[in-house]
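FYI, it's all coordinate maths here, none of it is from the lab. Remember, it's a predicted structure, so these values are computed and weren't measured experimentally. Cβ coordinates were reconstructed from backbone atoms using ideal geometry, including for glycine residues, and neighbour counts include every protein chain displayed.
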Amino acid sequence: MLITGGSRGIGASCAEHAAKAGYDVCFSYASNPGAADLVKAACEQHGARAASTRADVSSEDDVIALFDFCESELGAPDVFVNNAGVLGQQGELRDFTAERIAWTVNVNVTGALLCMREAARRMSTDRGGAGGSIINVSSKASTLGSPFEYVDYAASKGAIDSATIGLSKELGAVGVRVNCVRPGPIHTDIHASGGEPDRIARVSAGIPMGRGGEPAEVASLILWLAGDEASYVSGALIDVAGGR
Ligand code: NAP
């Protein structure tokens, strides 16, 4: 299994769940090798082979190098988890700079599309691949719009939903399933990036289940989508959002 952004949060939980389930795990990080080392060690404790490398998903060269690294260290991935994503400071769209919007779109849209492209090229059975499963990490924000917080982020996740639907249709006949998970508020560092580390406490009242989710609750859905139990599931957008 190859995961982008596996050093922290949902990606880290996914790496550890995958290792526990018997996958060898390769993952990328952006700037935090110390966190990546801890996740790698945790995967190895489950008996998995694990490898990590720095790769910025918004760089085409880095994305190609990441997939090459995975192939050379562990072999071609059977499962690709398109997880890396960023969030800017909370605010209103009318106050956002062009630079901030471009950063969000470069990482969350261009980066995710480059990663999908690379996985699709290498997994497709009509291009010499062995087939596989791609799981995109979108957000429930794509349906809610994140007003007064980060409309640019919500829109970037809407693009992931659309790409999931389109790519699943392109790859259905060549052995690759493409699905998407849409988490609600999950306890990770990403809310601090938005400027409100305790955001989940504020929004919990609006979540039918009355609480935020844990990274493991997203990882278990990703693992299910990755495996044979989901063999006829493709093009699905599945919410893991406490009923939100
Ligand atoms: P997080 O805790 O902030 O972790 C982000 C991960 O992505 C880290 O491993 C980080 O690496 C990596 N990363 C950041 N920018 C990158 C880049 N340009 N290239 C490659 N890797 C990069 O985030 P999270 O909450 O786990 O979020 C993971 C995914 O879930 C994101 O796509 C996010 O939009 C989505 N999501 C999260 C929530 C939530 O409430 N947490 C809800 C819905 C959707 P470093 O450690 O090196 O910085």
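Below are the figures for this structure:
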{"read-out": "Residue ID - surrounded by the most Cβ atoms within 10 Å (Cβ to Cβ), chosen from residues in region 208-243 that are in a loop (DSSP other than H, G, I, E, B), touching a strand residue (DSSP E or B) at 6+ places or on another chain (Cβ under 8 Å) and hydrophobic (A, V, I, L, M, F, W, C)", "value": "Ala241"}
{"read-out": "Among the candidates Asp95, Asp68, Asp56, Asp61, residue that is within 13 Å of the ligand (Cβ to nearest atom) and loosely packed, with under 15 Cβ neighbours inside 10 Å", "value": "Asp61"}
{"read-out": "Region 156-192, subset of a type in the set (Ser, Thr, Tyr) and out of contact with any strand residue (DSSP E or B) (no Cβ under 8 Å at 6 or more places or on another chain), residue farthest from the ligand (Cβ to nearest atom)", "value": "Ser162"}
{"read-out": "Flag if Ser146 is touching a Phe, Trp or Tyr at 6+ places or on another chain (Cβ under 8 Å) and farther than 23 Å from Val57 by Cα", "value": "yes"}
{"read-out": "Region 1-13 residues that are over 14 Å from Val57 (Cβ atoms), paired with ones that are more than 6 Å from the ligand (Cβ to nearest atom) and part of a helix (DSSP H, G or I) (beta carbon under 6 Å, 6 or more apart)", "value": "Met1/Ala18; Gly9/Pro215; Ile10/Pro215; Ile10/Val218; Ala12/Val39; Ser13/Pro215; Ser13/Ala216; Ser13/Ala219"}
{"read-out": "Condition met for Ala19 (closer than 22 Å to Asn136 by Cβ and away from the ligand (no atom under 15 Å from the Cβ))", "value": "yes"}
{"read-out": "Extreme residue, nearest to Val178 (Cα to Cα), among residues of region 71-88 that are part of a loop (DSSP other than H, G, I, E, B) and within 14 Å of the ligand (Cβ to nearest atom)", "value": "Asn83"}
{"read-out": "Some residue of region 136-149 being of a type in the set (Phe, Trp, Tyr) and buried (at least 16 other Cβ atoms within 10 Å of the Cβ)", "value": "no"}
